[in-house]
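The values are calculated or read from the model by the stated rules, or taken from the named source; none is laboratory data. These numbers come from a predicted model, not from an experiment. Quick reminder, even Gly has a Cβ in these numbers, built from the backbone with ideal geometry, and neighbours come from all protein chains shown.
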Amino acid sequence: MVKKSEIKQKRATDSSKKVLSAIHASAEDIHGKIMARKKPTMKLPVRSLANVKYQPQRGFFEMKGQKKERTLTVNTVKTFAQTLRMVALSKELVENDDIATKREAYYVSKNWDEARFSEQPESDTVMDDVEAYFGVNREQLGFIPEEKGGDVAGRLFVVDHDRDTGQMLRIDCTKFGSGAYSIPISVEQLQFETNADFILAIETAGMFQRLVKHNYWKKANCILISMGGVPTRACRRFIRRLADFKKIPVYVFVDGDPYGITNIYRTLKVGSGNAAHLNEFFCVPQARFLGITPQDIVDYKLPTHPLKDVDIKRARDAIKNDPFIKHYREWIHAIEHMLKMGVRAEQQALAKHGLNYVIESYLPQKLARPEKFLP
Amino acid sequence: MAARQREISVSEFFSKNRHLLGFDNPQKALLTAIKEAVDNSLDACEEAGILPALKVEIRQLAEDRFRIGVEDNGPGIIKAQIPKIFGKLLYGSKFHTLKQARGQQGIGISAAGMYGLLTTGKSIAITSRTGHDKPAHYYEIQIDTRKNAPQIITDKVVEWEPPHGTRVEIELIGTYKKGRHSVDDYIHQTAIANPHCEIFYTPPDSTEAQHLARGSEELPPEPSEIKPHPYGVELGILIRMMKETPARHLSVALRRDFSRVSTRVAEDICKAAALSPNANPHSIAVNEAERLYKAINSVRIMSPATNCLSPIREEQILLGLKKEIDAAFYTAITRTPTVYRGNPFQVEVGLAYGGSLPSEELVDLMRFANRVPLQYQQSGCAITKAALGIDWRSYGLSQSKGALPVGPMILFVHIASAWVPFTSESKEAVAPYPEIMRELRLALQECGRKLATHIRAHRRAVDEEKKKSYIEKYIPHIGIALREILGLSAKAEKDVVATLKDVLERSRSKEQIDD
């Protein structure tokens, strides 16, 4: 008779075997230390901008290797216990080839009595710790994000497979009418067919809608992608694979404010400080910044809003601490320019000159000189 | 022109300026009337060496019409004095001598009676008896505001149960409210500052009396009378004193009517004023008083004796706080007496912290002058200014800029003086003389330091408890997780939990020793 666990083992892929043995080894280590009456420790990479470096030839934020030690003491016992239970949950998921969303994992913890999380951000942090601890992608641990990947419209065929039949699906991104193709959570299996000239990654759904409605992709022969704020990992990976595959440029069109530049654009291009061990895959080094630039505010006489305190703080912080911004004098100048003006402008501010000004004038003018785009 | 000028009587003046006496609105009027009657009763009992037992009743007759009754077990008032005390403004037992007492100017109770008369037309009613072998006299009196003289409406002997004491009843227009400026608060605070007093209080919305029990059987020592110190007199008072002295020579008048003025000092003052020691004080009152006033302040005079004060004292403050407030920590401090402008005074601070007190609100500041609660004009008072000037954050409370601290705390501040410098006639706020501010600050800081010690010890204990419970709560989860990952047996899991608990407990007790 074949044991149930053996079946599971067979189902497990190489990657999950690796994860399982890493989980086992770390638990073994902790157990051994405890029984030797020593305080167990976990070494976690520091997940912050201070622990990443930027080298343009590599193209993404890399970890510098600072680690924090979480030693089990009276003060850390709660987090330590929660981290271990999260690892145990991950083990169960991987073993059973199951998945849990971040929110589901949070609800599972409700079954842990006093060790339960009271808010989801707490469980997300612990999950990020676990991910960084094992140096893997959280999907490999069985955890998946629930946020949407992003929307796509334009000159692109996405090649996917039907789950049940395994039959090839050729998805035509020009055939969604006023709708769009949704980027799935996992994009590794996708293949592409396209002859587009470039990819335009857009911050807001509103601007994306306008460009889709007027079939801008037809006019400019491009692929439109709506990021909806800071791009998810899936969205970053999708753009990266697509751009690498067809060697086409990626232009980024976001609000002209510190958030658009230092959070959305920077995360898309070089990754985040939070999960730096994964940036290598979740970044788009070829991305270039189309607009809205601080200079656009002047050139296009855009209506503006004053920078809020958090904008100013974010901008100053980026100039001082963000290794990517610090690397490019152009970016420092641009951000200082914005600070000096003390204002920000949204993508939609272009509507001041007419609703379709963005299609008829702004984008064509900008795209005529891509070498002028910020790095 | 001169024919049309006539002397305005004091009563008439005050009937037109009743806000000066605390009758400016109906809510305050009700409070002030009760306050004046209670002040008088407590003063009378203490003077006679009787532990006060007071009845305070408020009956609501109509929407805005009340009848208040205040009854004490004091010595009673002799028949002949009753009309003067209750029917004539500025009639007091103190004159030319100073003494720490609740009432100061002798305006209070007769003004309350006058307010009642003006608003309802009803007389003030007094029942008083001086001993079990004496009859009880019942008076109804109205004040003739133009003459400042009592008008007796009723005068009879009545049957009255108490062997001695006085009962005052006034009918007036007023408003009864709860909260900060309420009679309820006044009674509560009076009970705290006077733990030797018991009060039966019947508010208008109740038929039964609340009993605020006595917390101490000890009467406060009777304060002694002192003559005014030259540095403390204002020019107007100096003129009046010179006018009314029986002495016929200036130097004698100075020596006789002031404290700390020796023959030598009197001569020095005369010399500085370029006046003859033998000059007639009555004529000086008219012509050279200002010169004399300036001269006094240029001569060095010994500070007044401070033994005339009767503080509440630390242990009595604690008794008062403990019996009226449910808190976890109490402390009090009585400063040694000192002097501002020739007037001896003494500052006391007490505080109650924790327990059932609300922790998210500003601390409750209770201000007292000569054991009387001050409920109005908080922001204009020296006590408030001093409390605001303290950095309470260094004592473990949170505090926003320019505000009282936030925390579960009642702050009790008392100033005792033969002459409390109020900012107005209605006696609601103390003037911020530098000497008074300094004493207040030092007393508040001293209590603050004691509070800080308590808060720190308390926090440490809570912290300790929390850490201990952390071990109990979370270690089992480490056991569960390791069992799930490694497939440990139940026994192995138990071993992990027990070992880890032991290791952490040990390291925790080591940390404590290191502290």
Subset of the range B:479-501 [at the interface with chain A (Cβ under 7 Å from one of its Cβ atoms) and either among the small types (Gly, Ala, Ser) or not in a helix (DSSP H, G or I) (or both)]: B:Ala481
Pair list, Cβ under 6 Å, 6 or more apart: the range B:147-161 residue among the aliphatic types (A, V, I, L, M), other residue in a loop (DSSP other than H, G, I, E, B): B:Ile153/B:Ser123; B:Val157/B:Pro135
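With respect to A:Glu147, is the statement that it is of a type outside the set (Val, Ile, Thr), without any contact (Cβ under 8 Å) to a residue 24 or more places away in the chain and under 30 Å from A:Gln82 (Cβ atoms) true?
No; evaluated as a whole, the condition is false for this residue.
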Selection from the range A:299-338 of residues that are more than 30 Å from A:Leu211 (Cβ to Cβ) and out of contact with any Phe, Trp or Tyr (no Cβ under 9 Å at 6 or more places or on another chain): A:Asp309, A:Ile312, A:Lys313, A:Arg316, A:Asp317, A:Lys320, A:Asn321, A:Arg329, A:Ile332, A:Glu336
Pick from the range B:10-49, criterion modelled with pLDDT under 90 and hydrophobic (A, V, I, L, M, F, W, C), ranking: farthest from B:Ile312 (Cα to Cα): B:Phe13
Helices (runs of 4 or more DSSP H) enclosed by the range A:73-148 - at least 3 residues per element that are more than 20 Å from B:Leu482 (Cβ to Cβ) and away from every other protein chain (no Cβ under 14 Å): A:102-109, A:120-134
Failed item in (1) in a loop (DSSP other than H, G, I, E, B); (2) exposed (fewer than 13 other Cβ atoms within 10 Å of the Cβ), with A:Ile185 passing the rest: (2)
Sole exception among (1) touching a Phe, Trp or Tyr at 6+ places or on another chain (Cβ under 7 Å); (2) not in a helix (DSSP H, G or I) for A:Arg344, by number: (1)
Odd one out for A:Thr101, checked against (1) surrounded by 15 or more Cβ atoms within 10 Å (Cβ to Cβ); (2) touching a strand residue (DSSP E or B) at 6+ places or on another chain (Cβ under 6 Å); (3) free of Cβ contacts under 8 Å to residues at least 60 places away in the same chain: (1)
Subset tally (residues that are surrounded by 17 or more Cβ atoms within 10 Å (Cβ to Cβ) and on the phi < 0 side of the Ramachandran plot) for the range A:50-72: 9
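Can you find even one residue in the range B:372-387 that is within 21 Å of B:Phe329 (Cβ to Cβ) and either basic (Lys, Arg) or in contact with a strand residue (DSSP E or B) (Cβ under 9 Å, 6 or more places away or on another chain) (or both)? Steps first, please.
Looking only at the range B:372-387, we keep the residues that are within 21 Å of B:Phe329 (Cβ to Cβ), and these are B:387.
From the residues that got through so far, the ones that are either basic (Lys, Arg) or in contact with a strand residue (DSSP E or B) (Cβ under 9 Å, 6 or more places away or on another chain) (or both) too are B:387.
Scanning the range B:372-387, I find at least one residue that is within 21 Å of B:Phe329 (Cβ to Cβ) and either basic (Lys, Arg) or in contact with a strand residue (DSSP E or B) (Cβ under 9 Å, 6 or more places away or on another chain) (or both), so the answer is yes.
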Members of the range B:260-283 that are over 17 Å from B:Ala247 (Cα atoms) and loosely packed, with under 13 Cβ neighbours inside 10 Å: B:Arg264, B:Ala274
A:Thr293 hydroxyl-bearing (Ser, Thr, Tyr), within 25 Å of A:Met207 (Cα to Cα) and either over 27 Å from the mean Cα position of the chain (by Cα) or outside the structural domain of A:Lys269 (by TED's automatic domain parsing) (or both): no
Condition met for B:His196 (surrounded by fewer than 19 Cβ atoms within 10 Å (Cβ to Cβ) and either small (Gly, Ala, Ser) or in a loop (DSSP other than H, G, I, E, B) (or both)): no
Set A:Ala100, A:Ala105, A:Ala81, A:Ala88: member being modelled with pLDDT of 90 or more and either outside the structural domain of A:Val136 (by TED's automatic domain parsing) or touching a Ser or Thr at 6+ places or on another chain (Cβ under 7 Å) (or both): A:Ala105
Test for B:Lys450: is it within 14 Å of chain A (Cβ to nearest Cβ) and over 30 Å from B:Ala305 (Cα atoms): no
Residue within the range B:213-234 that is surrounded by 15 or more Cβ atoms within 10 Å (Cβ to Cβ), under 30 Å from B:Asn280 (Cα atoms) and either in contact with an Asp or Glu (Cβ under 7 Å, 6 or more places away or on another chain) or without any contact (Cβ under 8 Å) to a residue 24 or more places away in the chain (or both) present: yes
Helices (runs of 4 or more DSSP H) wholly inside the range B:272-359 that include at least 2 residues being touching a residue at least 60 places away in the same chain (Cβ under 8 Å) and more than 16 Å from the chain's Cα centre (by Cα): B:289-298, B:314-324
Cβ pairs under 6 Å, 6+ apart, first in the range A:21-40 and more than 8 Å from chain B (Cβ to nearest Cβ), second surrounded by 13 or more Cβ atoms within 10 Å (Cβ to Cβ) and in a helix (DSSP H, G or I): A:Ala22/A:Phe134; A:Pro40/A:Ile30; A:Pro40/A:Lys33; A:Pro40/A:Ile34
Residues of the range B:162-189 classified as free of Cβ contacts under 8 Å to residues at least 60 places away in the same chain and among the hydroxyl-bearing types (Ser, Thr, Tyr), total: 0
Check on A:Phe208, at pLDDT 90 or above and not in a helix (DSSP H, G or I): no
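Yes or no, residue by residue, for (1) hydrophobic (A, V, I, L, M, F, W, C); (2) buried (at least 21 other Cβ atoms within 10 Å of the Cβ); (3) not assigned by TED's automatic domain parsing to the domain that holds A:Trp331:
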| site | (1), (2), (3) |
| --- | --- |
| A:Asp197 | no, no, no |
| A:Ala201 | yes, yes, no |
| A:Met227 | yes, yes, no |
| A:Leu268 | yes, yes, no |
| A:Gly271 | no, yes, no |
| A:Ala287 | yes, yes, no |
| A:Leu307 | yes, no, no |
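Which residue, of B:Lys450, B:Lys401, B:Lys427, is more than 30 Å from B:Ala29 (Cβ to Cβ) and part of a loop (DSSP other than H, G, I, E, B)?
On the way: B:Lys450 fails: part of a loop (DSSP other than H, G, I, E, B); B:Lys427 fails: more than 30 Å from B:Ala29 (Cβ to Cβ).
One residue alone meets the criteria, B:Lys401.
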Test: residue in the range A:63-71 that is within 13 Å of another protein chain (Cβ to nearest Cβ), touching a Leu at 6+ places or on another chain (Cβ under 7 Å) and either touching a residue at least 60 places away in the same chain (Cβ under 8 Å) or not aromatic (Phe, Trp, Tyr) (or both): yes
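For the range A:1-46, enumerate the residues that are modelled with pLDDT under 85 and either part of a helix (DSSP H, G or I) or closer than 28 Å to B:Ser507 by Cβ (or both).
So the first thing to find is which residues in the range A:1-46 are modelled with pLDDT under 85, and the list is A:1-16.
Once the filter is applied, which keeps residues that are modelled with pLDDT under 85 and either part of a helix (DSSP H, G or I) or closer than 28 Å to B:Ser507 by Cβ (or both), the range A:1-46 yields A:Lys4, A:Ser5, A:Glu6, A:Ile7, A:Lys8, A:Gln9, A:Lys10, A:Arg11, A:Asp14, A:Ser15, A:Ser16.
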Residue list for the range B:72-82, restricted to those being outside any loop (DSSP other than H, G, I, E, B) and either surrounded by fewer than 21 Cβ atoms within 10 Å (Cβ to Cβ) or among the aliphatic types (A, V, I, L, M) (or both): B:Lys79, B:Ala80, B:Gln81, B:Ile82
